[in-house]
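Colleague: This is the structure I want to talk about, given as C-alpha cells.
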Amino acid sequence: MTDHPCLLDATELAARIRRRELSAREVVTAHLERIERLNPRLNALVTVDADGALAAAARADEQLVRGEATGPLHGLPLAFKDTHLTRGMRTTHGSPLFADHVPDEDELLVDRIQSAGAIRVGKTNVPEFAAGSHTFNTVFGATRNPYDTGRSAGGSSGGAAAALAAGLQPLADGSDMGGSLRNPASFCNVVGLRPTPGRVPALPAANLWETLAVAGPMGRSVADVALLLSVMAGHDARSPLSLDSPEPAAFRAPFTRADLTGLRVAWAPDLGGRVPVDRDVRDVFAAQRAVFEELGAHVEEDCPDLDGAEEVFRTLRAQEFHLGLGSLLDRHPEAFKPSLIWNIEAGRGLTGADIARAHAEHTRIHLAATAFFERYDVLLAPVSQVVPFDVDAEYPQTVDGVPQHTYLDWMRSAYFLSVVGAPALAVPAGFTPGGLPVGLQIVGRPRAERAVLEIGAVYEAATGHGRRRPDLDSAA
C-alpha cells in the first residue's frame with residue numbers, strides 16, 4: 001500500500017494525525033483533490049462542502065496544537081449517506097421531492113461520528129429512498145463501480161462503498177435492511193458490518209421498534225470497520241431496542257485471534273438450496289472453504305432454518321415502506337419510481353393477520369437460528385448471488401438462469417439473513433476471472449460483533465483480497 005493519505009487505512013491515518021505526522025488540513029486537502037479528479041467518473045459523492053471541510057480541518061489542527069483531548073476519528077474526512085440527516089447540509093434521500101431539503105438537525109449517528117472528530121465533507125449517493133440494491137435516482141443519476149465503471153456499485157450504500165474503494169474517503173456510514181450495506185461492500189471490494197439490531201440506535205425514526213433496518217460501519221479493512229463501530233454503537237434511552245455496549249475500545253483492534261483453530265463453521269453456499277447463485281460467485285466462494293480449514297476451522301455444510309424468511313422480510317419491509325412513505329406517495333405519485341410504488345402499495349394491502357403471521361414466523365426463525373448458533377460459531381455465505389451488473393439495468397433479470405421478477409428477488413442471500421437478527425460482516429473474498437469483486441459474509445450469533453470482527457480480521461490477513469484497489473489513478 002502507498003503512503004498517499006487517500007489510500008491509507010483509517011486506523012493508520014488517524015494515528016498519523018494524532019502524532020502530527022500529517023495535519024488534518026493535508027488529509028482533507030488530499031481527499032478533496034482526489035474527489036475532484038475521480039468523482040465525476042463515479043458519481044459517489046453528490047454534495048461536497050470543500051470550504052466547510054477545510055475550515056473544520058483547520059480547527060482540528062488547532063486542537064492538537066493546544067493539546068486538547070480528541071476523539072478516535074479526529075481529522076478524518078467523511079461524507080454521510082444521503083438518507084442520514086445532516087444539519088445545514090442537504091439530505092435528498094435520492095428523491096426529487098427532497099432535492100433542496102436542508103435539515104435543521106443531525107441524526108444520532110451523524111452526531112456521534114462528528115463528535116468523535118470526523119470532518120464532514122459531503123453526502124454519498126443512494127437509490128430513491130434507499131430502496132433497492134443499485135444506486136441510481138432521478139436527482140443525481142447512477143453511481144458507478146470503481147472496478148468497472150460500466151457496472152453497478154450496489155446499494156443502497158453504493159455511493160459510500162464506491163467512495164471507499166476509490167480512496168475518496170477513509171470510512172463510511174451505511175445502512176442495511178435487505179443488504180443495503182453488505183451488497184455494495186461486496187460489489188466494491190470493501191468491508192461492511194450489519195450489526196445486531198439495537199447495536200447502533202437510529203434516531204429519529206418513524207418506528208422505534210424496527211429490527212430489519214439497521215445502520216452500520218463500512219471501511220477498507222476490518223479494523224477500520226471496528227473503529228467506526230466503536231463510535232456508532234451505544235445505548236440511547238430514547239431507543240427502546242438499543243443495546244448497552246461494552247467500553248467503546250472493546251470493539252477496536254488490536255484483535256487477539258492469530259488463527260481459527262477450533263472454530264465451528266457452517267458453510268452455506270446457497271443457503272441450504274434456497275437461493276440460486278451465479279457460477280462466477282459460486283467459484284470464488286467455493287475456494288474460500290479451504291482458507292478457513294487451513295486456518296484451523298472445522299467446516300461443515302449446513303444452514304439454519306430460513307423457511308418463511310421470504311414472507312417475513314417482504315411483509316415487514318412493505319409495512320415499513322407504507323408507514324414511512326404511503327402518505328407522501330398519495331400526495332406525489334408522479335415522483336416515485338415504479339418499483340417503489342409497488343413496494344409501498346404492497347404494504348397498503350397488508351391485513352392485521354398478515355403482519356401478525358410475519359411476526360410469529362420471525363420469532364420462530366430467530367429462535368431456530370439461536371439454537372443453530374449453539375452448534376456453530378459462525379455461518380459463511382455469499383453476500384450477493386451475482387457479480388456487479390450493468391449500471392443501466394435496475395436489477396439482474398436472471399440469477400444462474402432463474403428469472404428475477406422484482407427488484408428484490410436477487411437479494412435473498414442478504415435479506416434472508418437480515419431476518420435472523422445477527423451480525424453479518426461482509427469481507428472481500430476474491431475476484432472473478434474478469435476482475436469483478438465477490439464478497440463473503442460472516443454471520444455470528446446475535447450481539448457477537450467482536451467475535452465476528454476477530455474472525456474477519458484473521459481471514460482478511462490470510463487472503464489480502466481487500467488490498468487490491470481499483471486502477472482509477474495509477475499516479476495516486
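The values are calculated or read from the model by the stated rules, or taken from the named source; none is laboratory data. A quick note: this is a predicted structure, and the numbers were derived from the prediction, not measured. Here the Cβ positions follow ideal geometry from the backbone for every residue, glycine too, while neighbour counts run over all protein chains shown. Keep in mind that these areas ignore ligands, DNA and RNA; they rest on the heavy atoms of the full protein, side chains included. Shrake-Rupley method; radii C 1.70, N 1.55, O 1.52, S 1.80 Å.
Colleague: Positive end of the charge dipole of the chain (Lys, Arg +1 and Asp, Glu -1 on Cβ, about the Cα centre): tell me which of Ala14, Gln114, Ser186 has its Cα farthest that way.
Modeller: Ala14
Colleague: What fraction of the DSSP beta bridges in the chain is antiparallel, stated in percent and rounded to the nearest 5?
Modeller: Around 75 percent antiparallel, to the nearest 5.
Colleague: Right, next: At a probe size of 1.4 Å, how large is the accessible area of Glu394, to the nearest 10 Å²?
Modeller: The accessible area of Glu394 comes to roughly 70 Å².
Colleague: With label points built 7 Å along Cα→Cβ from the Cα atoms of Ser115 and Leu367, find their separation and express it in nm.
Modeller: 3.8
Colleague: Let me ask something else. Can you tell me the FRET efficiency between Leu350 and Ala205 if r is taken as the Cβ-Cβ distance and R0 is 30 Å, rounded to the nearest 0.05?
Modeller: Plugging the Cβ-Cβ distance into 1/(1 + (r/R0)^6) gives 0.90.
Colleague: log₁₀ I(q)/I(0) of the stretch 227-333 at q = 0.23 Å⁻¹, via Debye over equal Cα point scatterers, no solvent, to two decimals?
Modeller: -1.09
Colleague: Figure the gain on full extension for His101 and Ile341 (residue separation times 0.36 nm, minus the Cα-Cα span) and round it to one decimal in nm.
Modeller: Length gained, His101 through Ile341: 84.2 nm.
Colleague: While we're here: If I model a spin label at Ala55 and Asp330 as a point 7 Å from the Cα along the Cα→Cβ vector, what separation in nanometres do I get?
Modeller: The answer from the label model is 4.2 nm.
Colleague: Same structure, new question: Can you give me the three principal axis dimensions of the stretch 353-476 from its C-alpha atoms, in Å, biggest first?
Modeller: 57, 38, 24
Colleague: Given axes a ≥ b ≥ c from the Cα gyration tensor, I'd like to know whether the stretch 81-214 is rounded (a/c under 1.5), prolate (a/b larger than b/c) or oblate.
Modeller: The shape class here is rounded.
Colleague: Right, something else. Provide the gained length on full extension for the span Ala393 to Arg357, in nm with one decimal, where the gain is 0.36 nm per separating residue minus the Cα-Cα distance.
Modeller: Between Ala393 and Arg357, full extension yields an extra 9.5 nm.
Colleague: Still on this structure, please answer the following. In terms of modelled amide H atoms, which long-range or inter-chain residues lie less than 5 Å from the amide H of Phe80?
Modeller: The list, which skips near neighbours in sequence, is Val121, Gly122, Lys123, Thr124.
Colleague: Counting only protein heavy atoms, what percent of the accessible surface of the chain is carbon or sulfur at a 1.4 Å probe?
Modeller: Of all accessible area on the chain, carbon and sulfur atoms account for 50 percent.
Colleague: While we're looking at this one, here's another question. Restrict the search to the stretch 226-307; then list the trypsin sites (Lys or Arg not before Pro) that DSSP places in a loop and that have at most 14 other Cβ atoms within 10 Å of their Cβ.
Modeller: Arg238
Colleague: So, taking all protein chains as they sit and a 1.4 Å probe, how much accessible area belongs to Val102, in Å² rounded to tens?
Modeller: Accessible area of Val102: about 80 Å².
Colleague: Hey, another quick one. In square nanometres, what is one fourth of the surface area of the convex hull spanned by the alpha carbons of the stretch 363-416?
Modeller: 5.0
Colleague: Here's another thing I want to ask about it. Given Cα positions, please report Rg to Rh for the stretch 391-442, the hydrodynamic radius being the Kirkwood one.
Modeller: 1.01
Colleague: Take the Cα radius of gyration of the stretch 12-115 and divide it by 2.2 N^0.38 Å, with N its residue count; two decimals is plenty.
Modeller: 1.15
Colleague: What full-extension length gain, to one decimal in nm, is calculated for Ala69 and Ala250 as 0.36 nm per residue of separation minus the Cα-Cα distance?
Modeller: Contour length minus the Cα-Cα distance gives 63.2 nm.
Colleague: The list (i) -0.97, -1.20; (ii) -0.77, -1.49; (iii) -0.66, -1.41 gives values of log10 I(q)/I(0) by the Debye sum over Cα atoms at q = 0.10, 0.14 Å⁻¹, and only one came from this structure; which label was calculated from it?
Modeller: Checking each listed value against the structure points to (iii).
Colleague: Tell me, how many Å apart are the Cα centres for the stretch 227-252 and for the stretch 357-410?
Modeller: 27
Colleague: If you don't mind, another one. Ranking request for peptides 182-194, 82-94, 62-74, 220-232: highest mean number of other beta-carbon atoms within 10 Å first, then the rest in descending order.
Modeller: 182-194, 220-232, 82-94, 62-74
Colleague: Which value, in Å to one decimal place, does the Kirkwood hydrodynamic radius take for the stretch 143-246 when every pair of different Cα atoms is included?
Modeller: Value: 13.8 Å, from the Cα pair sum.
Colleague: On to the next question. Relative contact order of the stretch 14-104: what whole-number percent is it, with Cα pairs under 8 angstrom and at least 6 residues apart?
Modeller: 27
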